Structure formats: C-alpha cells, structure tokens
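The values are calculated or read from the model by the stated rules, or taken from the named source; none is laboratory data. This structure is a prediction, so every number in the text was calculated from the model and none was measured. Note that each Cβ is placed from the backbone with ideal geometry, even for glycine, and that neighbours are counted across all protein chains shown. Side chains included, ligands, DNA and RNA excluded: accessible areas come from the protein's heavy atoms. Shrake-Rupley method; radii C 1.70, N 1.55, O 1.52, S 1.80 Å.
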Amino acid sequence: MGKFYVTTPIYYVNDVPHIGHAYTTIAADVLARYHRLMGDDVFFLTGTDEHGQNIERIAEEKGLSPQEYCDSIVAQFKELWRMLDISNDYFIRTTDARHIAAVQKFARALLASEDVYRGRYAGWYCSRCEAFYQQDELLPGNLCSVHQRPCEWTEEENYFFALSRYQDRLYHLIAETDFVQPEARRNELLGVLRQGLQDFSISRERVRWGIPLPDDPRQVLYVWVDALLNYITAIGYGDDPETFQRYWPADVHLMAKEIIRFHCLYWPAMLMAVGLPVPRLVFAHGWLTKDGQKLSKSTGNIIDPFDLVRRFGSDAVRYFFMREGAFGADWDYTDAAFVRRYNADLANDFGNLLNRTVQMVVRYFDGVVPEAKGKPEAVDQKFLAMAAQLGEHVADAVRRVALQEVLILIWKVVEAANGYVQDTTPWELAKAQKNGSVQAGERLATVLYNLVDVLRLLGYMVEPVMPRKARELLKQLGLEFDPSAGWQALTTVGTYPAGTALSPGEVLFPRYEQ
Ligand code: MSP
C-alpha cells in the first residue's frame, strides 16, 4: 500500500467534450478506483486547459469574453464526468486563481534558473496544437501534421528555455528507465532525441489570454508551460506543501500519444531545472477512430459520449472502451462492435450468470444461500483455484496499466463460472434431490454456494470499471459494497457469508435489440 497519483491531460475547451476525452478519463478513473480498492492513498486529477491563442479567438468569434466562453464549456466537461461516474478528487482549471498564483511561483523559479534566456523567435506556430514547428515538420502548404490546418509564421521576442542542455539527462531518463510506456513511444522519443533537442520559447508576446510573466507582464507564459504545471499546482505546489509532498511525483500521467513530447521532454526538463522530482510514468494510449476514419466534427465522424451513456448507461460505456481495444494501441470503434459486446459480454455472459444463480438459489433454497457441503470435487477445485488467483492477476495487470487485460482476466472467470454451471447441471441435482438423494442435495448446495461466492468476487473485481452495476450485483447477493476488508480479503474465495438471504433485482444488462 502506498500513494497513487494519476492524471489525465487537461483538455482544451475549444469544443465540447468528445469520446477521445472520455476514453482517457474513463481509463484514469478505472486506475484510480482499482488503486483505491487495493488500499492506496489515491489522488485523481483531471481538468481543463483554458488559455492560449486558439481559445481567445474562438471566444471572440462567439462574441463572448474568454472567461465566459470557458465557463460554458467547462460546465459540459463536468456534466459528462458526472454522467460517466468519474471519481476525480479535484478538477483543475488553468483559469483558477490558485493555479495562476502557483504558476507564477514556478515561473519565478524557472526564470531564476540558468536555463532561461531572452531571444528572438521566428518560426511556424499551430494554434490548435499551441506548438511551434520546424519547416521540415510541416506538411506541404505549411499545414500542421496533426490538424492539417495552416500554421502561422511568427516572429517575436521571447524567453527561451534551454532544453538542449537536458539532452543527456533526458536520454538517460527515456532510454534507461521505465519512464515512458508503451515501448513504441520510447522508441519514438529516442528518435527525437537523436536528432538533437531545440530550446523552446516559454512566453508569447502577442497572446493576451494567458498568465502574465512575473516582472514582464507584456509577455504571457506559453500555454503548454502553463498547462503542464497543472499537475503540481493542483496538489498544492503553490500553497499546500503537505499535500504536495504527499502526492508528488505523479505515479502516472495518462494521455494519447500525440502529446508525449511535451510530457516526456519539456516537462521533466522544466522540473529538473527547478530541482523537483520527475513523474514516475508517462503512459500513452493509442488513438481511437470510428469506422476506420479519424474522428472529426467537420466530416461528422463522431461518437457522442452523452448519447452512448443515455442509451446504454455509463457502466456499459466504460466497459466497452476499456475492453474493446488494447490499452496502448490504436483501435477502431464501430456501433456494431458496441452492441455485440454489450449483448455478448454483459447481457449474456455476465448478467445472465447473476440472474441464473439468483433464480436457482430462490427456487431451490428459498433465496437463502446454503453452506457448501461435502468434499469438493475436481470440478469445484479447478473452478475455485482459478477464481482464487484472479485478485493477484488483476492487481498485476493494473500495475502495468494493462486495462484491457484486466477485463480479459475477469471474463475468463465469468466464462469458467458459466462452464461450471454447465458441468455441474444444478437442475439435475435438484431433480435428484427431490427424488430423495441426500448427496445430490449436498452437491447442489456446494455448487450454488461456489457460484454466489465467485459472483461476489467478480462484483468487487469489476467495480472499478462498472461501479453502478457492481453495487447492484452485490445488492442482489444480499451484500453492500464495502471494500474496508482490503484487497487480499476481498479476493479470497470462500468468504461469502452462507445463510445470507438474496435480494433478487432487475436484470443487470437487458439485451439490446436494434
Ligand atoms: N490541452 C492539451 C493537454 C495539456 S496536458 C498538460 C490537449 N488537450 S486536448 O483537448 O487536445 O486533449 C488531448 C487528449 O485527449 C489526448 O491526449 C487524449 O488523452 C484525448 N484524446 C483526444 N482525441 C482522442 C482520440 N481520438 N483517441 C484517443 N484519445 C483522444 O492536448
């Protein structure tokens, strides 16, 4: 047991939240909830990145002040996180007075370091990425390679950060430690490092919507510097040293792969410059596409998270996005895959298992879970041995941020439980018991006890992914979700209190018919 500090990127408020934002935030929430269940002292942070040229322009187009505009979008992010049961401990906005004060404190320290100098910047700027590019990084027509939109030629007097001085230290961090995952991302960064790092400008002269540099208010801090600092300002870098000490360095910064340069090069170098420890892990998951195409509002190729939650409920959405693609790889969303998984994994395999088990306990034991009786048979031993290992396997996958694997592991036990029902044929045992077989009655009790007990275990194991349905499941088993016993005890088989009355409820996942 220790502490676990997990973050999502802070999202731009240039548009309403979309499924890409939801994907990262669900993953972070799942990690946070597993670590809480594992007994860690968790801090889970998400928020919004509100400064910069792009936001300034959009607000102007809409005839709003930048702050009014930001407030309206932030409300929608918060609403989506509420609908998705996101359990963040804090929501940071870069327009918070607290963030601004702490950023200025950091900026002072950075300006006082030997790594900042004044210089003239001339180059290409993409206001969507809020990033500077070299000519050879652009697509023909000076288009940004991420947004396929024109970059602007910019020339101004700026403060620069001497990133080039950190070449060796960053090489060591990336090549020789487990700072960045998955492996493909490490290789990508090593490629960038081999080309040699360029110093970057940390202030902008022409942008107004930003945090003024202390002692030079004509300049605002470059929005990426402002944004990266959220990870420390949110936990009290500026005003709460105790909380800051408790959680920093971050255990994992989650994001998609397009922003790892900022997180794996700029960010650790800035921290080193002021003598702060660097984060433990930057984990970059892949990109989502829909029907093989990039998600894009302009082409109408979108997945609306609000709509999905309304139709299927938050738990099914959370499950699907964690289960469908390997966490770390790119993958493609289709409506058909969503419905297939919903019906197969959730309605059929998982929901039905609960339903059948509860029904049998009601029918054969008046709804009160019997004690297991007699000596376990080979079929019981095999099933229980597999279930007994689940907790350890899940914890291991969680520590590796292998979120799809977590669900694959759990569903192996779901499958085994369904197989156990087929193999032990409780309805035959019930018939034999009726005909006077005491032994069949004992077998029936054992089989149903084992099923209820493993369902309890499964309820806890899926809780971080499906917090609502897990509670409903446990409720039907006559239990309350109560993690206080700790991971070890919760994942031990045979701990379900026999003699408990079940409380049959609604089908967990009604089949979805189109
Ligand atoms: N504001 C910056 C991040 C600053 S962090 C100090 C930013 N914001 S963003 O709104 O563009 O969010 C980017 C992040 O949203 C990605 O890194 C990823 O977490 C998520 N995603 C956005 N689109 C996505 C997909 N199509 N697929 C997967 N994740 C996506 O960058």
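Candidates 157, 114, 79: the one that is open to solvent by 50 Å² or more (accessible area, probe 1.4 Å), among the acidic types (Asp, Glu) and over 26 Å from residue 197 (Cβ atoms) is 79.
Look at segment 248-268: where a residue is under 20 Å from residue 329 (Cα atoms) and basic (Lys, Arg) and a partner is more than 13 Å from the ligand (Cβ to nearest atom) and open to solvent by less than 20 Å² (accessible area, probe 1.4 Å), sitting 6+ places away or on another chain with Cβ atoms under 8 Å, you get 261/189.
With a cut-off of at least 1 residues that are more than 9 Å from the ligand (Cβ to nearest atom), under 25 Å from residue 320 (Cα atoms) and at pLDDT 95 or above, name the helices (runs of 4 or more DSSP H) lying wholly within segment 1-93.
Qualifying helices (runs of 4 or more DSSP H): 19-37, 66-83.
For the criterion of being of a type in the set (Val, Ile, Thr), in contact with a Pro (Cβ under 9 Å, 6 or more places away or on another chain) and open to solvent by less than 10 Å² (accessible area, probe 1.4 Å), residue 220 passes. Looking at segment 451-466, can you tell me whether even one residue there is farther than 28 Å from residue 29 by Cα and either in contact (Cβ under 8 Å) with a residue 12 or more places away in the chain or part of a loop (DSSP other than H, G, I, E, B) (or both)? Checked segment 451-466: at least one residue is farther than 28 Å from residue 29 by Cα and either in contact (Cβ under 8 Å) with a residue 12 or more places away in the chain or part of a loop (DSSP other than H, G, I, E, B) (or both). Of all residues assigned to segment 179-187, at least one qualifies as being within 16 Å of the ligand (Cβ to nearest atom), assigned to a strand (DSSP E or B) and at pLDDT 95 or above. From (1) surrounded by 17 or more Cβ atoms within 10 Å (Cβ to Cβ); (2) under 20 Å from the mean Cα position of the chain (by Cα), pick out the condition that doesn't hold for residue 280. Condition (1) is where residue 280 drops out.
Applying the criterion of being within 13 Å of the ligand (Cβ to nearest atom) and β-branched (Val, Ile, Thr) to the residues of segment 258-316, the residue that is nearest to residue 402 (Cα to Cα) is 282. Among the conditions (1) over 24 Å from residue 91 (Cβ atoms); (2) among the acidic types (Asp, Glu); (3) open to solvent by less than 30 Å² (accessible area, probe 1.4 Å), residue 226 misses just one, which is (1).
Checking the structure you have, find out if any residue of segment 162-179 is more than 32 Å from the chain's Cα centre (by Cα), open to solvent by less than 10 Å² (accessible area, probe 1.4 Å) and farther than 20 Å from residue 258 by Cβ. Checked segment 162-179: at least one residue is more than 32 Å from the chain's Cα centre (by Cα), open to solvent by less than 10 Å² (accessible area, probe 1.4 Å) and farther than 20 Å from residue 258 by Cβ. Would you please list the contacts, defined by Cβ atoms under 9 Å and residues six or more apart or on different chains, that run from a residue in segment 157-172 that is assigned to a helix (DSSP H, G or I) to a residue that is of a type in the set (D, E, K, R)? Filtered contacts from segment 157-172: 163/115; 163/199; 164/199; 165/114; 165/115; 165/199; 166/115; 171/194. Where residues in segment 117-148 are of a type in the set (D, E, K, R) and not in a helix (DSSP H, G or I), which of them is most open to solvent (accessible area, probe 1.4 Å)? Across segment 117-148, the extreme among qualifying residues is 120. Of the residues that make up segment 222-241, is at least one in a helix (DSSP H, G or I), modelled with pLDDT of 95 or more and more than 14 Å from the ligand (Cβ to nearest atom)? Looking for residues that are in a helix (DSSP H, G or I), modelled with pLDDT of 95 or more and more than 14 Å from the ligand (Cβ to nearest atom), one finds at least one in segment 222-241, hence yes.
Can you name the strands (runs of 3 or more DSSP E) wholly within segment 243-293 that have at least 3 residues being within 22 Å of residue 48 (Cβ to Cβ)? Can you show your working first?
Numbers: elements: 252-256, 282-285, 288-290.
Correct list: 252-256, 282-285.
Considering 409, 490, 455, 403, which residue is touching a Ser or Thr at 6+ places or on another chain (Cβ under 7 Å), among the hydrophobic types (A, V, I, L, M, F, W, C) and modelled with pLDDT of 95 or more? It is 455. Quick one: would you say residue 250 is open to solvent by less than 20 Å² (accessible area, probe 1.4 Å), farther than 28 Å from residue 336 by Cβ and within 13 Å of the ligand (Cβ to nearest atom)? When the stated conditions are applied, residue 250 passes them.
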